[in-house]
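For reference, the structure is listed below as structure tokens.
The values are calculated or read from the model by the stated rules, or taken from the named source; none is laboratory data. For clarity, every value in this text was computed on a predicted model and none was experimentally measured. Please note: Cβ atoms are built from the backbone with ideal geometry, for glycine as well, and neighbour counts cover all protein chains shown.
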Amino acid sequence: MRFNRFTKPIRMIAGLLASLLFAILAIPLGAQPVPESHHYYDIAKEVTVVGTVSKVLVKASPGMIVGSHLLLSTTSGSLDASLGRFGLRGKGALSVAPGQQVVVTGVSKLLRGRQVFVARTVRVGSHVYFVRNTHGIPVSPQSRAVAGQNWAQKGESL
Amino acid sequence: MNRKAYGILLVITFLAVGFLTSCSSNSTPLIIPTTPFAFYLSGQDALPAGSGNVNFYALAGAVTITPTGKVTAGEQDYNDANSANGGVTSPEPGGDLITGGSLTVDSTTGQGTLTLITNNPALGVNGTETLGVQFVNDDHALITQFDGSATSSGSLDLQTLPSTPSGGFAFTLAGVDPDLDPVAIGGVFSIGGSGTIDINDDGSVLTGTAFTPVLSTPDAFGRGTISGVTVPGGTIAVNYYIVGAEAVRIIDVDATDSLVGSAFGQGTNATAATNASLSGSVLAISNGSNGYGSEFGALGQFATNSTPTPATFTGVGDSNELDNGVLSGLASSISGTYSIAANGYGSLTIGGLGDITALQVYLTDPALNISDPNNTSGGGGGLVLDLDDSLAGGLGVLIPQTDTTSTDFNGNYAAGWQNFNYFTECGDCESDMVAQGSMASGGALSLTGLVSDPFETLTAGAITETGATFTGTPAADPNNAGRFSMLSANENELTTVIGTSEWSSWDVVMYQASAGQLFWLNYDDTDTSVFLGPLEQQPSSLTLPAAIGPVAKPQTRQKP
């Protein structure tokens with residue numbers, strides 16, 4: 001491995017300090033305001049819901065956003081939890097069956113005219129599955145394998 | 001004289017006669033002239049065969065081809081960053097050798113195949129890669145891997161060798177990081193000097209880091225190394241292939257991460273760029289991580305106003321974010337601000353184009369055509385890096401919009417697209433096409449071409465298809481000159497016949513930068529597919545190497 005993601009706190013701090021140093025010393029000519037991006041997955045709006053799995057969909061039904069879904073029964077009604085492309089696929093994928101209780105953390109969004117719960121983590125029993133990262137990007141099976149589910153190192157938290 | 005001595009004398013005499021004959025003025029040259037081409041692609045591979053893997057992969061290389069289409073030699077670097085699971089990264093520092101092959105092209109359409117025999121048996125089919133080629137002109141082709149081992153989109157371009165890059169360069173690359181998560185980087189640098197690099201790695205963004213790249217002396221194929229490409233946390237090993245003095249293909253050759261892209265000369269924009277250097281443009285942007293991260297594509301066009309600070313722009317755009325579940329309105333109004341520094345390094349903030357809100361911009365030489373670097377017309381624009389956290393891996397281009405007259409979209413065109421879809425259980429899996437045909441002014445578009453579909457997402461009956469057809473009538477947008485659509489809502493969708501595929505109807509929007517260059521986007525309201533690609537106008541005739549006349553229809557390749 002020749003380069004690592006810089007979300008590890010120490011490296012990130014070092015990188016930011018180095019960048020600040022370079023910014024001060026070296027690049028007044030190229031200094032540009034960095035455009036502020038809008039966040040698809042706004043972690044400040046993240047909530048956790050408890051529900052019972054009523055249906056497991058490996059492939060989206062018509063009208064749903066692409067990828068895998070869990071249909072949940074919750075105390076406030078039914079919920080469509082989107083698991084993304086890899087949620088139920090590949091090594092280390094979420095393993096769950098109808099009737100099981102799950103704890104899902106995510107953000108509720110209106111997508112293509114439909115309310116969708118964009119899931120980031122799913123807890124089944126004591127096992128927590130990460131299906132998206134904190135930016136809402138689907139976590140691939142390869143990424144799960146490479147990272148060895150050591151999410152603390154990747155700056156992830158429940 | 002004994003028998004042995006007589007034999008030696010005979011050989012010497014034969015060689016002497018041969019030498020004298022070759023020196024005579026009427027002799028046939030002993031050295032067959034060859035034409036050098038550089039190529040690069042990125043997409044998804046299925047290596048090792050039968051594994052069920054769907055890996056990001058990148059490929060860049062250079063080959064020499066005789067006038068009769070024989071591939072004489074070459075070098076390449078292949079990298080899917082997944083060798084731990086049976087994937088392939090070419091051995092470095094030498095890469096793979098290309099020891100033979102052939103280019104077969106229809107002299108009328110410019111369509112055909114390029115086979116590359118490599119010394120790496122893990123690649124292609126037993127070491128032989130087949131690329132589908134669609135020449136736009138004599139110097140430039142749209143290409144896709146076409147052998148069932150992988151699929152991808154890229155470019156093949158005439159090399160000018162030797163060339164010595166100098167001055168300022170803008171660059172972007174996209175791919176996967178060591179966790180096989182989406183990553184894209186971009187920036188500007190000067191040859192022999194330093195530069196500034198930006199990165200969006202799986203949603204973590206850092207801009208404005210200084211770096212000092214050093215290019216080695218290229219070999220006879222125009223291949224060399226770039227050291228000093230540092231990103232937060234480490235250094236990326238990078239090789240490059242020269243297209244010309246102002247165009248270089250670049251590929252990450254680390255075994256655990258893979259990126260590919262280009263660097264282009266900036267010309268006057270390396271030292272004297274201003275906000276006025278970015279004129280009205282077409283924006284084309286998509287995920288360069290090929291199914292990793294969130295797949296998306298977007299097109300737009302805008303006019304700029306460089307008078308205020310920051311400068312502003314307004315226009316329209318269409319965005320299809322497949323994995324995010326976001327689809328912009330048709331011809332959505334877009335606007336925003338931008339700022340360009342003297343070294344061509346800048347930023348742009350957009351509203352109205354889905355989740356695409358924050359871009360870094362790196363201006364290129366106003367005289368350089370970044371889609372077709374040997375083309376002396378169609379220059380200017382720049383490269384784009386998406387900083388939006390959910391769209392990590394996003395890269396794009398800005399192409400000056402110089403002709404929005406709809407009737408100028410006319411003549412013969414080469415076209416390509418890179419498609420990701422959820423048609424089957426293989427989510428975000430890729431298929432690619434290259435094609436050629438005619439566009440009647442104000443009328444119908446009719447293309448015929450090659451489709452690569454190793455993951456059988458199109459259920460076409462074969463993993464490589466020839467003779468696929470693409471027909472429709474692009475409707476000019478009466479409110480936005482330069483924009484076209486082919487939509488099922490208007491009973492005007494693009495219709496395709498790809499083997500036995502049931503996927504035969506595509507909603508499409510198109511943006512015209514000039515008569516010579518357009519882009520098309522799959523605007524899919526069923527949330528199952530997205531594609532983006534170019535349409536580039538062909539000249540009235542082609543004089544290609546290996547143009548051997550109309551080519552007999554190759555056989556489609558069935559899934560083994």
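Selection of region B:226-248 for residues being under 27 Å from residue B:85 (Cα atoms), buried (at least 21 other Cβ atoms within 10 Å of the Cβ) and more than 7 Å from chain A (Cβ to nearest Cβ) yields B:229, B:238, B:239, B:240. Yes or no: region B:136-154 includes at least one residue that is within 14 Å of another protein chain (Cβ to nearest Cβ) and aromatic (Phe, Trp, Tyr). Looking for residues that are within 14 Å of another protein chain (Cβ to nearest Cβ) and aromatic (Phe, Trp, Tyr), one finds none in region B:136-154, hence no. For region B:42-65, does any single residue satisfy the condition of being among the hydroxyl-bearing types (Ser, Thr, Tyr), within 14 Å of chain A (Cβ to nearest Cβ) and over 15 Å from the mean Cα position of the chain (by Cα)? For region B:42-65, residues among the hydroxyl-bearing types (Ser, Thr, Tyr), within 14 Å of chain A (Cβ to nearest Cβ) and over 15 Å from the mean Cα position of the chain (by Cα): present. When the test is whether a residue is away from every other protein chain (no Cβ under 14 Å) and either in contact with a Leu (Cβ under 8 Å, 6 or more places away or on another chain) or modelled with pLDDT of 95 or more (or both), residue B:371 passes it. Scanning region B:474-490 for residues that are aliphatic (A, V, I, L, M) and touching a Phe, Trp or Tyr at 6+ places or on another chain (Cβ under 8 Å) yields B:475, B:476, B:486, B:487. If you check B:141, B:81, B:170, which single one turns out to be at positive phi and out of contact with any helix residue (DSSP H, G or I) (no Cβ under 7 Å at 6 or more places or on another chain)? The match here is B:81. Out of region B:216-240, which residues are among the β-branched types (Val, Ile, Thr) and closer than 17 Å to residue B:197 by Cα? The answer is B:226, B:229, B:230, B:231, B:235, B:236, B:238. For region B:160-170, a tally of residues being buried (at least 24 other Cβ atoms within 10 Å of the Cβ) and either among the small types (Gly, Ala, Ser) or not in a strand (DSSP E or B) (or both) returns 2.
Results for (1) part of a strand (DSSP E or B); (2) over 24 Å from residue B:136 (Cβ atoms); (3) assigned by TED's automatic domain parsing to the domain that holds residue B:152, shown as yes or no for each residue.
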position	(1), (2), (3)
B:62	yes, no, yes
B:78	yes, yes, yes
B:91	no, yes, yes
B:98	yes, no, yes
B:102	yes, no, yes
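Please pick out the residue among B:54, B:63, B:136 that is surrounded by 19 or more Cβ atoms within 10 Å (Cβ to Cβ), of a type in the set (A, V, I, L, M) and modelled with pLDDT under 95. Unique residue meeting the criteria: B:54. Taking the criterion of being more than 24 Å from residue B:427 (Cα to Cα), buried (at least 18 other Cβ atoms within 10 Å of the Cβ) and more than 14 Å from chain A (Cβ to nearest Cβ), the residues of region B:307-356 that qualify are B:315, B:316, B:317, B:331, B:332.
Checked against (1) surrounded by fewer than 20 Cβ atoms within 10 Å (Cβ to Cβ); (2) touching a residue at least 12 places away in the same chain (Cβ under 8 Å), residue A:110 passes all but a single condition, namely (2). Checking the stated criteria, residue B:477 turns out not to satisfy the condition of being of a type in the set (Asp, Glu) and under 19 Å from the mean Cα position of the chain (by Cα). Restricting B:430, B:493, B:465 to residues that are closer than 26 Å to residue B:325 by Cβ, modelled with pLDDT of 95 or more and under 21 Å from the mean Cα position of the chain (by Cα) narrows the list to B:430. Residue check: residue B:256 meets all listed conditions (1) closer than 21 Å to residue B:98 by Cα; (2) touching a residue at least 24 places away in the same chain (Cβ under 8 Å); (3) in a loop (DSSP other than H, G, I, E, B) but one, namely (1). Within region B:212-228, no residue that is more than 22 Å from residue B:99 (Cα to Cα) sits with its Cβ atom under 8 Å from a residue that is charged (D, E, K, R) at 6+ positions apart or across chains. Among the candidates B:388, B:428, the residue that is buried (at least 24 other Cβ atoms within 10 Å of the Cβ), in contact with a Lys or Arg (Cβ under 6 Å, 6 or more places away or on another chain) and within 14 Å of chain A (Cβ to nearest Cβ) is uniquely B:428. All conditions but one from (1) at pLDDT below 95; (2) surrounded by fewer than 17 Cβ atoms within 10 Å (Cβ to Cβ) apply to residue B:268; the one that does not is (1). Among the residues of region A:64-80, those that are within 11 Å of chain B (Cβ to nearest Cβ) and among the small types (Gly, Ala, Ser) comprise A:67, A:68. Kindly indicate whether any position in region B:411-419 is buried (at least 24 other Cβ atoms within 10 Å of the Cβ), of a type in the set (Phe, Trp, Tyr), closer than 24 Å to residue B:527 by Cα and touching a strand residue (DSSP E or B) at 6+ places or on another chain (Cβ under 8 Å). Yes: region B:411-419 contains one or more residues that are buried (at least 24 other Cβ atoms within 10 Å of the Cβ), of a type in the set (Phe, Trp, Tyr), closer than 24 Å to residue B:527 by Cα and touching a strand residue (DSSP E or B) at 6+ places or on another chain (Cβ under 8 Å).
Against the condition buried (at least 24 other Cβ atoms within 10 Å of the Cβ) and hydroxyl-bearing (Ser, Thr, Tyr), how does residue B:514 come out, does it pass? When the stated conditions are applied, residue B:514 does not pass them.
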